[in-house]
Amino acid sequence: MTAPPVRWDKPGVPNTVELLQKVSLFHEVDSEELERIASLLTPKDFRKDQHIVTQDEPGDALYIIARGRVKVILTLLKAGEFFGEMSLVDAQPRSANVIASDDAQVLILKREAFTDHLMASPKTALNVMAELSRRLRRADEIIGNLATLDVYGRVAHIMIDLAKKDGEETEEGILIRERPTQQDIASMIGTSRETVSRVLSEF
Ligand code: CMP
């Protein structure tokens, strides 16, 4: 079962700690350290379709999604997920554009604060590796599907993938409450919105 969406309505350290406890990056990090990190975060709001991170720019911060969803090439990340770690880990420019898919709020942790925390917390370093592995596995699977499946297979596969990641069990089956738009699905699987619409209605 997928965890319920993280709510983050009122700013403030105790509330932020609650959010951080749900972020995979900080799994098993003690609450004292999370309080310290919470006090270092800067919230920033983005409107739907605004760029949060631009590909090829230098990266100097990590982002935690407090509200809304963001698009990163083949995937959608939601509240309680993070991005921007790659440039901090490998000192290369940003690997991809990250764009607000809804009105979104992110919490920004500057490079130095992230690095200080990583040095003190091997648990977080392992959590970063686990998340990178998860994302690489998913990307490998998507690349494999793009190469081998026709458009029907690709649409079917992305729906199954979304159901596994974000689906909720209901009496009538699995419900994907915060479904990406047909345009989002189209760009995830390298086809047009019209094709996605036609394939979904044929299904
Ligand atoms: P960074 O390269 O600093 O900036 C862009 C961010 O997008 C990157 O860090 C990751 O956090 C995120 N990202 C890049 N590729 C993927 C992917 N395949 N799946 C999920 N997130 C990604």
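The values are calculated or read from the model by the stated rules, or taken from the named source; none is laboratory data. Just so it is clear, the structure is predicted and the values come from calculations on it, not from any experiment. Quick reminder, even Gly has a Cβ in these numbers, built from the backbone with ideal geometry, and neighbours come from all protein chains shown. Quick note on the areas: whole protein, heavy atoms, side chains included, nothing else; ligands and nucleic acids left out. Shrake-Rupley method; radii C 1.70, N 1.55, O 1.52, S 1.80 Å.
How many residues, within the stretch 83-122, are aliphatic (A, V, I, L, M) and part of a loop (DSSP other than H, G, I, E, B)? Spell out the reasoning first.
Residues of the stretch 83-122 that are aliphatic (A, V, I, L, M), as a first pass: 86, 88-89, 91, 96, 98-100, 104, 106-109, 113, 118-120.
Restricting the remaining residues to those that are part of a loop (DSSP other than H, G, I, E, B) gives 91, 96.
Selection size over the stretch 83-122: 2.
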Return only the number of the condition from (1) open to solvent by less than 20 Å² (accessible area, probe 1.4 Å); (2) closer than 21 Å to Q21 by Cα that I108 does not satisfy.
(1)
Would you call D140 over 15 Å from the mean Cα position of the chain (by Cα), open to solvent by 40 Å² or more (accessible area, probe 1.4 Å) and more than 19 Å from I185 (Cα to Cα)?
no
Run Y63 past the list (1) surrounded by 21 or more Cβ atoms within 10 Å (Cβ to Cβ); (2) without any contact (Cβ under 8 Å) to a residue 24 or more places away in the chain and report the number of the one that doesn't hold.
(2)
Show the residue pairs that are 6+ apart or on different chains and have beta-carbon atoms under 8 Å apart, the first residue being within the stretch 78-89 and open to solvent by 40 Å² or more (accessible area, probe 1.4 Å), the second being within 8 Å of the ligand (Cβ to nearest atom).
M86/G59; M86/Q92; M86/R94; M86/S95
Would you pick out the residues in the stretch 36-50 that are farther than 14 Å from V17 by Cα and in contact (Cβ under 8 Å) with a residue 60 or more places away in the chain?
K44, D45, F46
So which residues in the stretch 171-203 are surrounded by 12 or more Cβ atoms within 10 Å (Cβ to Cβ), among the small types (G, A, S) and more than 23 Å from G144 (Cβ to Cβ), if there are any at all?
S197
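State all residues of the stretch 72-102 that are touching a Pro at 6+ places or on another chain (Cβ under 8 Å) and more than 6 Å from the ligand (Cβ to nearest atom); if no residue qualifies, say none. Outline the logic, then answer.
First pass over the stretch 72-102, keeping only residues touching a Pro at 6+ places or on another chain (Cβ under 8 Å): 76, 78-80, 87, 93-94, 101.
Result: L76, K78, A79, G80, P93, S101.
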Say we look at the stretch 144-165 and pick out the residues that are open to solvent by 40 Å² or more (accessible area, probe 1.4 Å) and within 18 Å of the chain's Cα centre (by Cα); which of these is farthest from R69 (Cα to Cα)?
I160
Exactly one condition in (1) out of contact with any Leu (no Cβ under 7 Å at 6 or more places or on another chain); (2) of a type in the set (S, T, N, Q); (3) buried (at least 17 other Cβ atoms within 10 Å of the Cβ) is not met by S101; state its number.
(1)
Exactly one of Q105, Q183 is away from the ligand (no atom under 13 Å from the Cβ), of a type outside the set (D, E, K, R) and under 30 Å from A38 (Cβ atoms), and that residue is Q105
